[in-house]
Amino acid sequence: MTDLLIYNGPAVAEAEVTRTGGVPSAPADFGWPRCAACEGPMKFVAQVVLDASTILSIFLCQNDPGLCDEWDPLSGGNRALLFRRGDLVPAPVPDGDETQLGEVCGIEVKAVDADGYDEARGKWSAETGCPEAEILGMVGGAPAWLQDDETPVCPVCTTVMEFAVQLEEGRDQSINFGSGCGYAFVCRACERGRFLFQC
Ligand SMILES: [Zn+2]
Ligand SMILES: [Zn+2]
């Protein structure tokens, strides 16, 4: 089975659900991430509920697109943050032109009986009659790399990280991965995430 992430209509901007856009659900002491290169506030692109206790929140610098190494898992131009659920609140959004997407979209998980991401995309589209653009990505499984395998290690315990989410640029291409795909990894034990994109 492959668990696809599918667009599912509008969502409430502050809901603690899987969605693109809106306001991240975060701990009360959360500090909005800033880019290591330009030092500006990053753009919140999506959060994915991984399980009953964990939510993954993804940020990308868009203050100077292409100039902040925002594809790189280590340079500080993006963030994948793992939050423990239970006491999350809507994060205060800082001033800035590139902190939020223009639209808030609910995302549902659809299990497709297929071997891998690309096969699942085609099969879901054929079965539903919906375009593949309605597929935001995938949760779990194995990453469908566009380039070489770049699975990172945990910055704390240095074990190979667990693949969590693959993301497309979205149905309106409002998430800028240079026409590629984003990949998020987690270490649940250390509550750390890493993000990168390839194109
Ligand atoms: Zn930046
Ligand atoms: Zn770790």
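The values are calculated or read from the model by the stated rules, or taken from the named source; none is laboratory data. Not measured: the values here are computed from a predicted model. Note that we place each Cβ from the backbone using ideal geometry, even for glycine, and neighbour counts take in every protein chain shown. When the accessible area is computed, the model is the full protein with side chains, heavy atoms only, and any ligands, DNA or RNA have been set aside. Shrake-Rupley method; radii C 1.70, N 1.55, O 1.52, S 1.80 Å.
Some observations on this one:
- Exactly one residue out of Gly116, Gly129, Gly137 is away from ligand 1 (no atom under 16 Å from the Cβ), surrounded by fewer than 17 Cβ atoms within 10 Å (Cβ to Cβ) and within 16 Å of Asp3 (Cβ to Cβ), and it is Gly116.
- Filter result for Glu119 (of a type in the set (Asp, Glu) and more than 19 Å from Ser57 (Cα to Cα)): yes
- Residue-level check: of (1) open to solvent by less than 20 Å² (accessible area, probe 1.4 Å); (2) away from ligand 1 (no atom under 16 Å from the Cβ); (3) within 12 Å of the chain's Cα centre (by Cα), Glu169 misses just (1).
- Those residues of region 121-142 which are assigned to a helix (DSSP H, G or I), farther than 17 Å from Phe177 by Cβ and either without any contact (Cβ under 8 Å) to a residue 24 or more places away in the chain or over 16 Å from the mean Cα position of the chain (by Cα) (or both), in sequence order: Gly122, Lys123, Trp124, Ser125, Ala126, Glu127, Thr128
- Within region 83-112, residues that are among the polar types (S, T, N, Q) sit with their Cβ atoms under 7 Å from residues that are not in a loop (DSSP other than H, G, I, E, B), at 6+ positions apart or across chains, in these pairs: Thr99/Pro41; Thr99/Lys43; Thr99/Phe44; Gln100/Lys43; Gln100/Phe44.
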